[in-house]
Structure formats: structure tokens, C-alpha cells
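Computed from the coordinates by the stated procedures, all read-outs in this text should not be read as laboratory data. Only a predicted model underlies this, so the values are computations on that prediction, with no experimental measurement involved. A quick note on method: Cβ atoms are made from the backbone with ideal geometry, for glycine too, and the neighbour counts reach across all protein chains shown.
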Amino acid sequence: MASRIPGGGSVTLNRSGIRELLRSSAIQNMLGGRMERVKAAIPGSELEVSAGGNRARAKVLNGSDYDEANTGNLSRALDLAGGDRGTQVKTRKPKKRT
């Protein structure tokens, strides 16, 4: 099944088409731009954007997990960048017993 994309070409919506879309340079640029705001909030951090086997990914590298646990800088930067971290959970809240 082919679908027209507004303003441009077309993509086939099957596994290889979705994989191609998720690895595209447009997605890499979008992720890089969003994570640039996170990087700007953490002095001395680095931004790494790459395309893996199935999708593009962006990482902000800063210290170790131990440093993050003690400072919370990366979590604070994600909140400042306007992400939706922590707003949705997969499990339901337990109901109050009566």
C-alpha cells in the first residue's frame, strides 16, 4: 500500500518502508534538533546522532549513571526541553480497597 506524503514523495508502508522512514536523514535532523536543547542545558555534554539497524537515535552523553543519580542534571534538562517524560505509564494504578 503506497501513501502520498504531503509536500513530497511517497513511501511504501511495509516493514522495509517504515524502517527506511525511521532511519531517514529527516528523522535524524529532527531528533538532533530536539536533543540539542537538552545538550544546551548541560555544560560539557556531547550530542551523538546515528542511524541504527531499525531507526535513527540521538544521545546526550554526560558523565556516568552514577553522576546522573547524584546530580539529576540530565533529567532536569529533559524537563526543561519540554519532553513528556513520566506522563504516561503502561500499568494501571492500583484501586483503593474498601
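How large is the charge dipole for segment 11-80, taken about the Cα centre, if only the Cβ atoms of Lys, Arg (+1) and Asp, Glu (-1) carry charge, to the nearest 20 debye?
Values: 10 positive and 8 negative charges, 85 e Å.
Charge dipole, segment 11-80, about its Cα centre: 400 debye, nearest 20.
Listed values for segment 28-45 are Karplus-derived 3J(HN,Hα) couplings in whole Hz (6.51 cos²θ - 1.76 cosθ + 1.60, θ = phi - 60°), namely 4, 5, 5, 5, x, x, 5, 6, 4, 5, 5, 4, 5, 7, 10, x, x, 8, and x replaces Gly and Pro.
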